[in-house]
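One structure below.
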Amino acid sequence: MADARGTLGFRGTPVEKHCCIVSVDARLDVNVALNRPSYQSSTYNDSDGVYYAKYANDGHHDTNKVTGPCAQTHTQINPYWMVDLGLALYVAGVKFTNRDIYGK
């Protein structure tokens, strides 16, 4: 999960990754990933917008691709999304929520 530098993330299979909500809870049940710097392997864009990594941990809980909006990568081998927690922490849990499958 989190490494010695305080970086947490996930890697995927050779497809695009959609991530609308990320919560990283530390000992006090506080989302330590909220508004921290986040990164992804590529940034997808289409006629509806650009889907930056920061949308996954910005505190918005809408799972619609457009109104959320969500983070999304291009289709690629081993896509990833990660967040810099700023320091090494004990992580009690991580929750990734995908976008609404019917969200445009």
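The values are calculated or read from the model by the stated rules, or taken from the named source; none is laboratory data. Everything quoted here is computed from the prediction, not taken from an experiment. Cβ: placed from backbone, ideal geometry, glycine included. Neighbour counts: every protein chain shown.
Looking for whichever is modelled with pLDDT under 85, among the aliphatic types (A, V, I, L, M), in a loop (DSSP other than H, G, I, E, B) and crowded, with 17+ Cβ neighbours inside 10 Å here; the options are 33, 2. Which one fits? Talk me through it step by step, then tell me what you get.
Working: 33 fails: modelled with pLDDT under 85.
Going through 33, 2 in turn, the sole match is 2.
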Of everything in region 57-69, what is surrounded by fewer than 16 Cβ atoms within 10 Å (Cβ to Cβ) and either farther than 16 Å from residue 100 by Cα or at pLDDT 90 or above (or both)? Give them in sequence order.
59
Taking the condition of being buried (at least 17 other Cβ atoms within 10 Å of the Cβ), in contact with a Gly (Cβ under 7 Å, 6 or more places away or on another chain) and either polar (S, T, N, Q) or in a loop (DSSP other than H, G, I, E, B) (or both), how many residues in region 70-88 meet it?
2
Can you name every residue in region 43-69 that is assigned to a helix (DSSP H, G or I) and free of Cβ contacts under 8 Å to residues at least 24 places away in the same chain?
54
Among the residues listed as 54, 17, the single one being basic (Lys, Arg), at pLDDT below 90 and in contact with a strand residue (DSSP E or B) (Cβ under 9 Å, 6 or more places away or on another chain)
17
